[in-house]
């Protein structure tokens, strides 16, 4: 800590203020059009709007808030670079989600290459507890680790259904898979998770 | 271990209720529901710095092709090449690197389209903030910029007294301090600090792939 | 930082042995430190290089002193002290079983010593850092924990507990943030570290005080 007795200087986390008022009313399509017309700074509106929208999805897909932050940032920048390719500016949200989704899948593939998860990884064996009672946090951590052992597609359908609360029909629209194949994927995931969570339930 | 019974899976899918299950499947159903309920639904909030970082990259990407090439040349990953070159570096290795640099230096327009990544694989954006009301100028100096006060000035962030800047730092650990009005060296109270060997202290920032840790 | 200069530095450093290399790279100090400092640091650096120690941190420390307007003799003393810490680290590393430590590991050891750990602590940490644990990372984490105010013996206990518990290197890297979180919730650095040590030893994931996760349970009957 500085020993000086001069005027205090402290470090704070500070969120930069933007233009207020009108920007809260502008639709995604309006903002996209403005940015494409050259008003680069308006893109910040979309960044603020969507910074957290898909953060949970990314975090549960990638297993870490920090890695998710990286992925969301990358997706937002990529969305800017490809903005002219966004066929329907009104559907910016869904289009951004697809970019993020691709980024998440790519990240998983990259991690699999660098450090493929083996069956013995992560020490999923349940700790020895005489009364057999496991608190919520332990189960939650065990589930998070177990999700890491599913395929990317299985993990995604689980996250979209049981974390984001979407219906199979909505998931089908996003992923392009049929409801029938999604259910098959999910049911395999349930069985795999039951095996991985042995002793934690 | 056997998988869940199809009826139990229908409960998990929301198509059947627990009460609909036959008695002998009730326990299995409850176990399955416990599994699903263990999922972490807590909302995830990312750092407010995300906006700063994305807009910094967006503005860089938005400039003209020639300027983009110029920026790519000066991308932070060059710093990685400069430091930590030991005296026993193999001659041919150094030559290859030096040759590559020479080519880049002489023909900037021939460089490939800059990557659309937020920062290079070897560096991460880190935001520095200092509350210094009454300061006329503030800079951050550290091992990442040769302790040069002129290299990284902070700018007023809008709210009176707050100064900020965002820098792309290479992966690794760095020491730094703020310089107020060109003469007052101030540590970052929010960061761990170490003895600088001169009777003052330096702040520490650790940068890892994909994140920064203060 | 001109690109031509980078070109030259790489060529110089690669081509010339020991003392001459030190002379070449010392051009970095021109205009930044007085000539007597430059002269002294070149000698210290050449000597360090001969012992296999990294020299970059020595240049950086000299440049830092120059930038901060520190008197010449103080700069020289600080550079000499840094070389000394790196030498101690090198010895500790060799005795810990690392025969050819990389520059990163030596610097990490020097940082750990600067943060209050003993040569013996450095040795213990290095011995504990078998693959997949990289000693450079372990030492860097230990140094940061020390910089946060965690007493040296507790730094050792915490890091060793995490390694024994088989926690990932990523979890190790997250320790300073966990300690800071504990501090922000009112614990002293020592208390925060002690809590994390207990959690690691018990095989539980560390949860900073006051931050037990809670989430809304999902209704499986939702359509």
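The values are calculated or read from the model by the stated rules, or taken from the named source; none is laboratory data. On a predicted model such as this, the values are computed, not experimentally measured, just so you know. Don't worry about glycine lacking a Cβ; one is built from the backbone with ideal geometry, like all the others, and counts go over all protein chains shown.
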Would you be able to say whether some residue in the stretch B:102-125 is part of a strand (DSSP E or B), modelled with pLDDT of 80 or more, more than 8 Å from every other protein chain (Cβ to nearest Cβ) and farther than 30 Å from residue C:49 by Cα? no
Is there a residue being under 21 Å from residue A:66 (Cα atoms) and modelled with pLDDT of 90 or more anywhere in the stretch C:150-162? yes
Tally of residues being in a loop (DSSP other than H, G, I, E, B) and buried (at least 19 other Cβ atoms within 10 Å of the Cβ) across the stretch B:154-165: 2
Determine, yes or no, whether residue A:59 is buried (at least 22 other Cβ atoms within 10 Å of the Cβ), modelled with pLDDT under 95 and at the interface with chain B (Cβ under 7 Å from one of its Cβ atoms). yes
Kindly indicate whether residue B:39 is farther than 30 Å from residue A:83 by Cα, at pLDDT 50 or above and surrounded by 18 or more Cβ atoms within 10 Å (Cβ to Cβ). yes
Condition set more than 8 Å from every other protein chain (Cβ to nearest Cβ) and surrounded by 15 or more Cβ atoms within 10 Å (Cβ to Cβ), scope the stretch A:175-199, selection farthest from residue A:64 (Cα to Cα): answer is A:177
Selected residue (only one of A:188, A:145 is part of a helix (DSSP H, G or I), within 18 Å of the chain's Cα centre (by Cα) and touching a residue at least 12 places away in the same chain (Cβ under 8 Å)): A:145
Is there any pair with a first residue in the stretch C:99-118 that is more than 9 Å from every other protein chain (Cβ to nearest Cβ) and a second that is at pLDDT 90 or above and assigned to a loop (DSSP other than H, G, I, E, B) whose Cβ atoms are under 7 Å apart and which are 6 or more apart or on different chains, and what are they? C:106/C:53; C:106/C:54
Would you pick out the residues in the stretch A:49-93 that are in a loop (DSSP other than H, G, I, E, B) and over 19 Å from residue A:155 (Cβ atoms)? A:51, A:52, A:53, A:82, A:86, A:87, A:88
If you go through the stretch B:131-153 one residue at a time, do you hit one that is at the interface with another protein chain (Cβ under 8 Å from one of its Cβ atoms), assigned to a strand (DSSP E or B), surrounded by fewer than 21 Cβ atoms within 10 Å (Cβ to Cβ) and modelled with pLDDT under 90? yes
In the stretch A:142-163, which residues are over 17 Å from residue B:32 (Cβ atoms) and surrounded by 18 or more Cβ atoms within 10 Å (Cβ to Cβ)? A:144, A:145, A:149, A:155, A:156, A:159, A:160
Residue C:177 fails exactly one of the following numbered conditions: (1) under 14 Å from residue C:145 (Cβ atoms); (2) in contact with a helix residue (DSSP H, G or I) (Cβ under 8 Å, 6 or more places away or on another chain); (3) surrounded by fewer than 18 Cβ atoms within 10 Å (Cβ to Cβ). What is the number of that condition? (2)
Any residue in the stretch C:42-58 that is in contact with a strand residue (DSSP E or B) (Cβ under 9 Å, 6 or more places away or on another chain), surrounded by 18 or more Cβ atoms within 10 Å (Cβ to Cβ), under 24 Å from residue B:140 (Cα atoms) and modelled with pLDDT of 90 or more? no
Taking the stretch C:188-209 and keeping only residues that are away from chain B (no Cβ under 14 Å), touching a helix residue (DSSP H, G or I) at 6+ places or on another chain (Cβ under 9 Å) and at pLDDT below 85, one is left with C:201, C:203, C:204, C:206, C:208, C:209
Filtering the stretch C:28-37 down to residues that are surrounded by fewer than 22 Cβ atoms within 10 Å (Cβ to Cβ) and in contact with a helix residue (DSSP H, G or I) (Cβ under 7 Å, 6 or more places away or on another chain), which residue is farthest from the other protein chains (Cβ to nearest Cβ)? C:36
Would it be correct to say that residue C:126 is touching a helix residue (DSSP H, G or I) at 6+ places or on another chain (Cβ under 9 Å), closer than 21 Å to residue C:99 by Cα and in a helix (DSSP H, G or I)? yes
Mind checking whether some residue in the stretch B:69-86 is modelled with pLDDT of 65 or more, more than 10 Å from chain A (Cβ to nearest Cβ), surrounded by fewer than 19 Cβ atoms within 10 Å (Cβ to Cβ) and in a helix (DSSP H, G or I)? no
Tell me, which residue of the stretch B:186-202 that is touching a residue at least 40 places away in the same chain (Cβ under 8 Å) and not in a loop (DSSP other than H, G, I, E, B) is nearest to the other protein chains (Cβ to nearest Cβ)? B:186
When you go through (1) closer than 20 Å to residue B:196 by Cβ; (2) within 14 Å of chain B (Cβ to nearest Cβ) one by one for residue C:87, which number turns out not to apply? (2)
Of all residues in the stretch C:81-106, which are surrounded by fewer than 19 Cβ atoms within 10 Å (Cβ to Cβ) and within 30 Å of residue B:139 (Cβ to Cβ)? C:81, C:104
